[in-house]
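To keep things clear, I will list the structure first and then write my remarks on it.
The values are calculated or read from the model by the stated rules, or taken from the named source; none is laboratory data. In this text the structure is predicted, and so the values were computed from the model without any measurement. Neighbour counts are summed over all protein chains in view; Cβ atoms, including those assigned to glycine, are modelled from backbone coordinates with ideal geometry. Heads up: the accessible areas ignore ligands, DNA and RNA and are worked out on the full protein's heavy atoms, side chains in. Shrake-Rupley method; radii C 1.70, N 1.55, O 1.52, S 1.80 Å.
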Amino acid sequence: ALGLSAQGGQVGAVISDSLSGSVALATVRHLVNSGAVAQIILLVPEDKLSSHTARQMQILKNMQVAVCSWTSDSASRSRITPLIESCHNIICGFSDPLSSAPLVVDPGLIDLLNDASTPLHTIEAPYGVHPETGAHYPQPLFCSSTLSLGAPLTGLYHGSEYTGRHYLCDISFTPAMYLSCGANLASLFSEQPVLQIFPVKAED
C-alpha cells in the first residue's frame, strides 16, 4: 500500500500522543525491522507522552531511529522541510477524530505536508475532516491513503477527496461487537487482515 519495498526505503512519521500515533509508531517499527530508515517527528514534547506512547518511542530509539520535534518557528520549518522531502512516504499519526479534545496542529505544518511531493498516509482519518459528515475544517490534510481501524468512520466516504485510497484493517473486533453497531464486518477479513474499500477497484 505504501508503494515501496521496506528494504532501503526512507519513511517519516509525524505523530501525536494518540491511538493513531501509536499505530504509526508500530508501523515504523515493522518497516525498520524490514530494512527501512525512519525519522519520527513529534508534535508534543517527549516528556508529555503517555506511558504507552513513551514505551513505543523508547523501543524505536533503541533501534537507532532518529526523533525530532516540530515547533512553529522558522528554524523548525527549515530543518524539517528537507527531511520530509527526502522521505519516500510520510505516515501521519496525529489525527484523533473521536477525541473530545483533539490536538490542534500548527497550520504551518499542515501546509508543509500538503505542499510536499512526498505521499502522505494517515491513520484513522485525514486531519481536519469531520468523522461523521466528511466536511472539512480550515486546512485539512490531503492524503494518498487512509487506514481505518476495525471499521471506517462514516464521514470518510463523504470526504473521499482527502482520504485517498481507503484501507480497512482488522483489529480483532468480534462479530458481536460489529452486530451491536448494525453490521457484521468480521467476514470481510476472512482472506486477509487489510483490504482496500475505497475507491472500489474495477475488478471488484
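Descriptive notes on the structure:
- Any hit, region 105-121, residues being closer than 24 Å to residue 184 by Cβ and either at pLDDT 95 or above or under 17 Å from the mean Cα position of the chain (by Cα) (or both): no
- Within region 154-184, being touching a residue at least 60 places away in the same chain (Cβ under 8 Å) and not aromatic (Phe, Trp, Tyr) holds for one residue alone: 165.
- Matching entry among 51, 99 (being out of contact with any Lys or Arg (no Cβ under 6 Å at 6 or more places or on another chain), open to solvent by 50 Å² or more (accessible area, probe 1.4 Å) and small (Gly, Ala, Ser)): 51
- Selection within region 27-48: residues that are of a type in the set (Gly, Ala, Ser) and either surrounded by 15 or more Cβ atoms within 10 Å (Cβ to Cβ) or touching a Gly at 6+ places or on another chain (Cβ under 8 Å) (or both). The member of this set that is nearest to residue 65 (Cα to Cα) is 38.
- Pairs meeting the criteria (first residue in region 77-88 and open to solvent by 40 Å² or more (accessible area, probe 1.4 Å), second residue in a helix (DSSP H, G or I), beta carbons under 9 Å, at least 6 apart or on different chains) are 77/108; 77/109; 77/112; 81/112.
- Exactly one residue out of 169, 143 is farther than 30 Å from residue 82 by Cβ and at pLDDT 90 or above, and it is 169.
- If you go through region 1-21 and pick out every residue that is among the hydrophobic types (A, V, I, L, M, F, W, C), more than 24 Å from residue 150 (Cα to Cα) and open to solvent by 10 Å² or more (accessible area, probe 1.4 Å), you end up with 2.
- Test result for residue 68, in a strand (DSSP E or B), modelled with pLDDT of 90 or more and open to solvent by 10 Å² or more (accessible area, probe 1.4 Å): yes
- Scanning region 186-203 turns up no residue that is in contact (Cβ under 8 Å) with a residue 40 or more places away in the chain and basic (Lys, Arg).
- Test: residue in region 27-34 that is under 26 Å from residue 97 (Cα atoms) and in contact (Cβ under 8 Å) with a residue 40 or more places away in the chain: yes
- Every residue from region 75-104 that is among the hydrophobic types (A, V, I, L, M, F, W, C) and in a helix (DSSP H, G or I): 75, 80, 83, 84
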